[in-house]
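Undergrad: Below is one structure. I have some questions about it.
Read-outs throughout are calculated quantities, based only on the coordinates presented, and are distinct from any laboratory measurement. All figures in this text were calculated on a predicted structure; none of them were measured in a lab. All Cβ positions, even for glycine, are placed from backbone atoms using ideal geometry, and neighbour counts span all protein chains on display.
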Amino acid sequence: MREIGYALSGCYQSFLSFVVFEGEKVSVNNFYFIAHPHDPELPVLCRVFRIQPYNPEMELGRTGPLAGKKRRKADYGKKLEYVIGFAEILGYYDREGKWRMMEVAPSPWDAVYEPTEDALKQFLLRQQFAQDALIVEIGKFRGTKIPVYFDLNAVAKAHMFVGGMTRSGKSSFIINLIAHSSNLNPRPRFVIFDRRGEYGALRKYGAEMIPYTKFTPPILDPKLIVEKLGLKRTEKDAVTQAIQELLEGESKPSRETILSKTEEIIRKGALIKKTETQEKAIESIKWILNTRGEFIDSSQEPLDIIQKIAKSPCIIVDFSVDTDVESQQRTATSIIDSIRMHAMDRKAVGDFACILAVEEAQYLCPEKGFEIADSPAQSKAKASFVETISQSGGYNVGLVVMTQRPAYVTKSVLSQCNSVACFRLKSGNDQEAISDYTEYGSERLTDYLPGLSDHEAMLWGMAIPTPFPVIAEIKVTDYPQKAAVFAKQAWERMQNKGDKKS
């Protein structure tokens, strides 16, 4: 290893500042070593999070700024320039091979080393996965040829959070994680909630893409039915009462029976006194049932998600086929509940496990203040999501919570994720949500995350082999199915069509 600098005063157990030798290059996010102050043969791993050039002649009131205002450079101050590196001290392996955090601070003049790739391997690949791990290679450690491995078994046991800005690589990560795992034995089972129809590339790996409407259950909740119909308040009360009475009689409500029972309730006069108003309400309800109530009479038997999981290694539930948010949320609730309850029923037998990846999770489990007002369907979806992430890890059902806005996802979900893959994030609120509610919890995230390139992720938690966060360059062979062309090309085609017509 080559010396590239010396420690400065003011270091402490988790923080190192050092001056960089002239001619040496130091990069943010790269690893460096120092020797343990009490045992110089033990290397201690550090990672640079900030670099700062400094020249005392360029401080306010010195000669540099004075010369600058005259459009001259104070060249005589060049020899005084130096570069300072700031690094977090991650820890070291003691002589028994146990990972330790630093107990003492580096001293001034302690050497800082640039590690060789072989030396880095001793840290990055040293810790062994659990005996029951199911390992897949997902990329390389940033700036190296050292592979990054990922334990899918850990995700199934303890959930995972995937965050990042639009186009930073979240969907590509999941697509390629599933693609790379297609060669594993045993092959893991996945269910994906696909909001934008992006995961079709996985069909060549045996995935089955199914419109969410095939899983949509019939609505038997009176509140959900009247909410979907969009009734006025008095009409809502009458229809709700009618449906409840029909359900108590153990008959599945139809539009015809609902209208008949509602008319009977209204004509009794308890809800509406005037005969003329009663007639108007009945006509209004009849019109709404005829125009918006087709879903009530639907006789389609929804697909069984458990049977689908048994037959296919990956089920893509396509939510992009329409914009019926209420139906989407009901369907998501039904699928999540079915998976959770089946996993609990089979816990003693041990013949069921799956990983459920949920795109844009803020639509199903929003943080307080971001919910859709008066939405029973969303409330049920959120309750189902929270209950599942709280319980199902112990039954081999892992949730992958994906979002571009971590601050909008309820914190009771974020805090349950024991593995994290975080792509580029620049919003302070989103960085804070990850820092406060995941296990890393370091303020250094604000230095690392904004500078990540596309398809680079910071990983930490149970699913990776290191006891500290690492940055991985994700191996991408398949991409999400976005728009076929860029906007410029689309506008050119629109313009050409318009020219031909004119």
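Undergrad: Find which of PRO40, CYS11, MET101 sits farthest along the positive direction of the dipole of the stretch 2-124, computed with +1 on the beta-carbon of Lys and Arg, -1 on that of Asp and Glu, about the Cα centre.
TA: So the residue we want is CYS11.
Undergrad: Roughly how many debye, to the nearest 20, is the charge dipole of the chain about its Cα centre, given +1 on each Lys and Arg Cβ, -1 on each Asp and Glu Cβ, and no other charges?
TA: 1500 debye
Undergrad: Follow-up. Counting pairs of alpha carbon atoms under 8 Å apart in space and at least six apart in sequence, what relative contact order in percent does the stretch 2-124 give?
TA: 39 percent
Undergrad: Please report, in debye to the nearest 20, how large the charge dipole of the stretch 222-297 is about its Cα centre when each Lys and Arg carries +1 at its beta carbon and each Asp and Glu carries -1 there.
TA: 320 debye
Undergrad: If you don't mind, there's one more thing I want to ask. Which lysines does LYS79 reach when only Cα atoms under 16 Å apart count, and residues fewer than 8 places away in its own chain are ignored?
TA: Reachable lysines: none.
Undergrad: Can you compute the FRET efficiency between SER390 and ARG100 using 1/(1 + (r/R0)^6), with r the Cβ-Cβ distance and R0 = 30 Å? Round to the nearest 0.05.
TA: Result of the calculation: an efficiency of 0.40.
Undergrad: Tally Lys/Arg at +1 and Asp/Glu at -1 over every other residue whose Cβ is under 12 Å from the Cβ of GLU114; what's the total?
TA: The answer is -1.
Undergrad: Hydropathy at least -0.5 by Kyte-Doolittle, axial extent at least 27 angstrom from the Cα trace: which helices of the chain, defined as entire DSSP H runs, fit?
TA: Passing helices, by number: 325-345.
Undergrad: If each residue's Cβ is checked for other Cβ atoms within 10 Å, how do GLU103, GLU57 rank with the fewest at the top?
TA: Going from least to most buried by this count: GLU103, GLU57.
Undergrad: Using Cα positions and a limit of under 23 Å, work out the lysines in reach of LYS411, with same-chain residues fewer than 8 apart set aside.
TA: In chain and number order, the partners are LYS157, LYS170, LYS368, LYS380, LYS382, LYS426.
Undergrad: Can you pull a Stokes-Einstein diffusion coefficient for the stretch 222-297 at 25 °C (0.890 mPa s), Rh from Kirkwood over Cα pairs, as a whole number of µm²/s?
TA: 202 µm²/s
Undergrad: Exposure proxy check: GLU371, GLU276, GLU59 ranked by fewest other beta carbons within 10 Å?
TA: By the 10 Å Cβ count, ascending, the order reads GLU276, GLU59, GLU371.
Undergrad: FRET efficiency for ILE84 and GLU3, Cβ-Cβ distance as r, R0 = 22 Å, nearest 0.05?
TA: Efficiency computed from Cβ-Cβ geometry: 0.85.
Undergrad: Okay, next question. Show me, for the stretch 448-460, the HN-Hα J-couplings you get by feeding each phi into the Karplus relation (A = 6.51, B = -1.76, C = 1.60, θ = phi - 60°), rounded to Hz, glycine and proline as x.
TA: Running phi through 6.51 cos²θ - 1.76 cosθ + 1.60 with θ = phi - 60° gives 7, 5, x, x, 6, 7, 4, 6, 10, 9, 8, 10, 7 Hz.
Undergrad: Rank these for me by crowding, SER284, SER9, SER384, going from fewest to most other beta carbons within 10 Å.
TA: SER9, SER284, SER384
Undergrad: Give the aspartates and glutamates reachable from LYS214 as a straight Cα distance under 18 Å; neighbours fewer than 8 places away on the same chain don't count.
TA: The qualifying aspartates and glutamates are ASP194, GLU294, ASP297, GLU301, ASP304, ASP318, ASP322, ASP324, GLU326, ASP337.
Undergrad: Explain nothing, just the number: relative contact order of the stretch 392-502, from Cα pairs under 8 Å at least 6 residues apart, as a whole percent.
TA: 21 percent
Undergrad: Next up: Students often check this: by mean Cβ neighbours within 10 Å, which of 216-226, 182-192 ranks highest, and how do the rest follow?
TA: Put in order of decreasing packing, that is 216-226, 182-192.
Undergrad: Then there is this: What is the spin-label model distance, in nm, from MET344 to PHE21 if the labels are put 7 Å beyond Cα along the C-beta direction?
TA: Using points 7 Å along Cα→Cβ, the separation is 6.3 nm.
Undergrad: Take ASP297 and SER415, extend 7 Å from each Cα along the Cα→Cβ direction, and tell me the distance between the two endpoints in nm.
TA: 4.9 nm
Undergrad: Based only on Cα atoms, what mean projected area does the convex hull of the stretch 236-363 have, in nm²?
TA: 11.1 nm²
Undergrad: Say R0 is 51 Å: what FRET efficiency, to the nearest 0.05, do ALA270 and GLN307 get from their beta-carbon distance?
TA: Result of the calculation: an efficiency of 0.65.
Undergrad: Let me ask you something else. If I take every Cα pair under 8 Å that is 6 or more residues apart in the stretch 222-297, average their sequence separation and divide by the length, what percent do I get for the relative contact order?
TA: Relative contact order for the stretch 222-297 comes out at 36 percent.
Undergrad: Treating the stretch 349-448 as a set of equal point scatterers at the Cα positions, no solvent, please give the Debye-formula log₁₀ I(q)/I(0) at q = 0.23 Å⁻¹.
TA: Here log10 of I(q) over I(0) equals -1.24.
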